[in-house]
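Written out below as structure tokens is the structure these notes cover.
The values are calculated or read from the model by the stated rules, or taken from the named source; none is laboratory data. Because the structure is a prediction, the values reported are computed rather than measured. Counting neighbours? That spans all protein chains shown, and the Cβs are built from the backbone with ideal geometry, glycine included.
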Amino acid sequence: MKRKGLLLILSSPSGAGKSTLARRLMDWDPSLRFSVSATTRAPRPGEVEGREYYFKERAAFEAMVSAGEMLEHAEVFGNFYGSPKGPVEAAMAEGRDTIFDIDWQGGQQIRSSSLGRDVVSIFVLPPSIAELDRRLRARAQDSEEVIAGRMAKSRDEISHWAEYDYVIVNHDIDQAFAELLTILQAERMRRDRQPELAGFVRSLNREFETR
């Protein structure tokens, strides 16, 4: 039976593992759609329209916001970023789920949007702050200054954990992924996400009448 697609929000402080979990989830189910953001910044070399971002002029972006065509948006260092509603609604109609790798502020906006009833939000916590620091350093991608900034920001991000439907403590990435799969599979089976279920039950009742 065809089901209604959902919006899966993953949030965490940097280094807690949400991006790794999102990638694993998409490898597990290629039908999952990763939300592509719109931005007013200029494309960088190698970036492709509709793959990394939807590139918009500032006036066009603001018009989309005014028309209610953005699920969430924010201004970062002078450029706007946001999640267009149209592609998400199209995926939902096809029974496909959309993953959002966003912070708590973007999550709040999406939960408050017209599609808020179809949101499943998950916050990923590190097992300890010491381990979070170790993981950031193990990536060997950032300077000491950047790491310090990420660690300072993590306290505020973690303070919003109770706003989410589910919380996963990422002690071990394999276990965390198993827990994420359990959540997704259960949410997919919710009665209100299976619009054809009522018709199926009516067909079962008709079978009783013909026995």
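Residues 22, 60, 74, 91: which one is small (Gly, Ala, Ser), under 14 Å from the mean Cα position of the chain (by Cα), farther than 18 Å from residue 183 by Cα and surrounded by 12 or more Cβ atoms within 10 Å (Cβ to Cβ)? Selected residue: 91, the only one of 22, 60, 74, 91 that is small (Gly, Ala, Ser), under 14 Å from the mean Cα position of the chain (by Cα), farther than 18 Å from residue 183 by Cα and surrounded by 12 or more Cβ atoms within 10 Å (Cβ to Cβ). Scanning region 157-198 for residues that are over 19 Å from the mean Cα position of the chain (by Cα), at pLDDT 95 or above and either part of a helix (DSSP H, G or I) or of a type in the set (A, V, I, L, M) (or both) yields 174, 175. Among helices (runs of 4 or more DSSP H) entirely within region 35-148, having at least 2 residues that are farther than 23 Å from residue 13 by Cα and without any contact (Cβ under 8 Å) to a residue 12 or more places away in the chain singles out 58-66. When you look at residue 159, is it touching a helix residue (DSSP H, G or I) at 6+ places or on another chain (Cβ under 9 Å), touching a residue at least 60 places away in the same chain (Cβ under 8 Å) and polar (S, T, N, Q), yes or no? So residue 159 fails the test. Evaluate the following for residue 156: is it within 23 Å of residue 5 (Cβ to Cβ), exposed (fewer than 13 other Cβ atoms within 10 Å of the Cβ), among the acidic types (Asp, Glu) and out of contact with any Gly (no Cβ under 9 Å at 6 or more places or on another chain)? The answer is no for residue 156.
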